[in-house]
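One structure is given below, encoded as structure tokens.
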Amino acid sequence: MADSPLLPIPPYVDIRRSKRRKRTVSAYRDGERVVVLMPDRLSAAEEARWVETMLQRLDKQRSRSRVSDEKLLARARDLACRHLPEAPEPASVRWVGNQNRRWGSCTPADRSIRLSTRLQTMPQWVIDYVIVHELAHLLEPSHSARFWKLVHRYPKSERAEGYLEGVSAAAHLEMEDDSLQA
């Protein structure tokens, strides 16, 4: 059986080759673009096959997304009412694919919260923890003692912190300081 002909690489795909990358190929969405990271030594045919494979994986991952951005916002509002009633209402909560060193982020100035798409396959109580963590940033921008008191109002915070720490360790992720907790 012959290999199927390779499709041309779409113009929205950025390929980044690295001499330091030896075996792994990875990809992520960055807005409307797809970034594919691969070893420098791959041939053009291998490059095209990997791009095709990674686009299929990203499409499958996107279709598995269990929760829409609208549902995330509703979930954040519910969690804020239950655990942080004094927090300002978030203006937006959405999934993003460009957070490789953190689970979520918050911009208090515009009340926007972003969650890494890597969370989508995790249990809901872990996603809820990261949402509460980011909601706490609407009240306290730094990771101060006051901030952690707010976060630990969520009853499963310690369990979720351990879960995320385990996932990070198993994947050999180099997370930013304090980001193991969200």
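The table that follows gives values for the structure above.
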| read-out | value |
| --- | --- |
| Every residue from region 107-119 that is within 13 Å of the chain's Cα centre (by Cα), in contact (Cβ under 8 Å) with a residue 24 or more places away in the chain and open to solvent by 20 Å² or more (accessible area, probe 1.4 Å) | Thr117 |
| Residue that is least open to solvent (accessible area, probe 1.4 Å) [pool: residues in region 145-182 that are among the charged types (D, E, K, R) and modelled with pLDDT of 95 or more] | Glu161 |
| Ala48 being of a type outside the set (Val, Ile, Thr), open to solvent by less than 70 Å² (accessible area, probe 1.4 Å) and closer than 30 Å to Ala136 by Cα | no |
| Residue count, region 17-30 (criterion: open to solvent by 60 Å² or more (accessible area, probe 1.4 Å) and under 21 Å from Thr117 (Cα atoms)) | 2 |
| Single residue of region 31-45 satisfying the filter (open to solvent by 70 Å² or more (accessible area, probe 1.4 Å) and closer than 24 Å to Leu119 by Cα) that is modelled with the highest pLDDT | Arg33 |
| In region 70-94, the residues that are over 12 Å from Ile131 (Cβ atoms) and surrounded by 13 or more Cβ atoms within 10 Å (Cβ to Cβ) | Ser92 |
| Odd one out for Ser142 among (1) among the small types (Gly, Ala, Ser); (2) open to solvent by 10 Å² or more (accessible area, probe 1.4 Å); (3) closer than 13 Å to Leu79 by Cα | (3) |
| Residues located in region 123-139, provided they are more than 11 Å from Ala76 (Cβ to Cβ) and open to solvent by 10 Å² or more (accessible area, probe 1.4 Å) | Pro123, Gln124, Trp125, His137, Leu139 |
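The values are calculated or read from the model by the stated rules, or taken from the named source; none is laboratory data. Here the structure is a predicted model, which means the values were calculated and not measured. Neighbour counts run over all protein chains shown; Cβ positions are idealised from the backbone, glycine included. Just the protein is used for accessible areas: all its heavy atoms, side chains included, with ligands, DNA and RNA removed. Shrake-Rupley method; radii C 1.70, N 1.55, O 1.52, S 1.80 Å.
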